[in-house]
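First the structure, in the form of structure tokens, and then the observations on it.
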Amino acid sequence: MNKKNLADLVIRQSEFKGEIGVAKADITPPDGIYSRSWGSAKHDAAEGIHRPLYVTSVFIRGGDPKLELYLVCFDLGWWYDNAHEMEIRERILKQSGIRNDQLITHMGHTHSGPITNLQNLHRQGGDLIPPYRDKIVEGAVKVILESKAAVQPAVASWASGRCDLARNRDLVLDSETFLCSVNPDGPSDDTVLVGRVTDANGKIIATMVNYACHPVSLGGGNKMISPDYYGAMREVVERDTGGAPCFFLHGASGDMTPLRSYESDTAIADQNGRQLGYAALSTLTGMLPPEQEIAFDRIEDSGARLGRWSLRPKPASTALKITRSETALPYVNLPTEAELLEQLKNCTDRPLKERIERRLMVRRDVGEGKSRTVSTTLVQMGDAFLVGAPAEPYSAYQKEIRARFPGHAVMVLNIVNGNVGYLAPADTYQKPGLYQIKISLFQPGCMEQVIDDTTKSMKKLEDANG
């Protein structure tokens, strides 16, 4: 038997030490705003508020005082096209005074929020969209400025736990029946990555919960504005951490759904959220103190021979770096704008008409090119990475990236700085009836190419730190 090297018997957590500030603002829309996200919905305008919606900001500064970043998270669904994201983004930049390369935007991806696309102005509640967009911008600017004003020395620490809320949602019943539904036999990812931010006295000033599960507890039968499950998740975590803001970081959930999905009762969203919240608290409770690791210390004879482990100091890294990994992705054969307009002219079915309208919006956004360059945002914070995809990748995306960097906590976020739609594994294209494949813009192999390019860029960041 090989003898263990006692120096290797160390357990540590990924950490970053720098200056961090957090802020939170209410961006709940008015009751009655246009909120039809589901083709099966029988309503256009929201009827009530289940839970408030928020925008949050984390200001981050590391060892280089010239580099300052803002992670701004919205309790909203998605950007409808590039112009939608850029219009909101440019207003935020102008009013806050920060640079474009400092701003990282992220969507919580609720499917029970307001619709913010100006193409819906003519529908019931659509008149409330323009003033609500103003509220989104005002809220984002407010938290950006307040998070920087609240900056203080802090340590961010990360640990992984488990939560089986998320289930595979690619269900194939037969050669002609492909469903967005819980697939009991499909692979899933139960990883919940929890971040804890503590001040100089060890007090928790913020938490982060990174989890991959589509916020679709509520479906077309729900008429209320809701953040879906992560509203109750935050309530549970914040209640146990003295009210410190909890940031939900939505992971690569292209094929992940809650076990209880598409329900009408908001109690189901709360149930799902509590499940994730308690899993996050379990992980948080088991974390080591900031800037410490635990290592094998000594043998203690006590009938049985006991191995004693002890805490010891471990200074956290102050490294903070940002880069972007760019990948040119070829499109599948897309219908032309003229073809979609013809389909729209002859369509009388409301849900189908809305799908065609969305495809038309995408077609106009794409233009006549054959490919699109996708820019993945990469941030190194000490021993941890943040990987922000401007898309909705499958969970295999985050599992593979994390597997390539086993010594680091890797936060994987979708819908970061835009959204180009689904990125699915190449073998998933053998099931062409799946919803995600039917609406994906990109050819098989694109997700794998993004993974390769992303990890190459991450490796360069890692190597630069020695």
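Below is a table of values for the structure above.
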item: Förster radius 30 Å - calculated FRET efficiency between ALA83 and GLU448, Cβ distance, rounded to 0.05; result: 0.55
item: Inter-label distance, nm, simple model (7 Å from Cα along the C-beta direction), ASP134/LYS456; result: 4.7
item: Relative contact order of the chain, pairs being alpha-carbon contacts under 8 Å that are 6 or more residues apart, as %; result: 18
item: Spatial separation of Cα centroids for segment 230-249 and segment 420-466, in angstrom; result: 31
item: Nearest-20 debye value, segment 71-212 charge dipole, Cβ charges on Lys, Arg, Asp, Glu; result: 700
item: Rough spin-label spacing in nm, given labels placed 7 Å along Cα→Cβ, for ILE299 and LEU352; result: 7.7
item: Candidate lysines - alpha carbon under 29 Å from LYS203, same-chain residues fewer than 8 apart omitted; result: LYS17, LYS24, LYS66, LYS142, LYS148, LYS314, LYS321
item: The chain - share of DSSP beta bridges that are antiparallel (%, nearest 5); result: 80
item: Net lengthening on full extension, LEU344/ARG239 (0.36 nm per residue, minus Cα-Cα); result: 32.9 nm
item: DSSP-defined beta bridges in segment 9-113 - what % are antiparallel, rounded to 5; result: 75
item: Förster radius 35 Å - calculated FRET efficiency between ASP127 and VAL332, Cβ distance, rounded to 0.05; result: 0.45
item: Cβ-derived FRET efficiency at R0 35 Å, ARG162 paired with ARG308, nearest 0.05; result: 0.80
item: Using alpha-carbon coordinates, inclination of helix 446-464 to the longest axis of the chain, degrees; result: 30
item: Protection-proxy order for peptides 211-217, 200-206, each taking the mean of Cβ atoms within 10 Å per residue, highest first; result: 211-217, 200-206
item: Label of the coordinate-derived value, Cα Rg over 2.2 N^0.38 Å, listed as (1) 2.66; (2) 1.00; (3) 1.11; result: (2)
item: Among 389-396, 310-317, the order from most to least packed when residues are scored by Cβ within 10 Å on average; result: 389-396, 310-317
item: Whole-Å distance, taken between Cα centres, linking segment 309-325 and segment 1-70; result: 20
item: Length-normalised contact order of segment 22-131 in % [C-alpha pairs under 8 Å, at least 6 apart]; result: 33
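Quick note: the coordinates plus some simple rules give every number you see, no bench work behind them. Because the structure is predicted, anything quoted here is derived from the model rather than measured. Every residue, glycine as well, gets a Cβ built from its backbone with ideal geometry; the counts of neighbours run over all protein chains shown.
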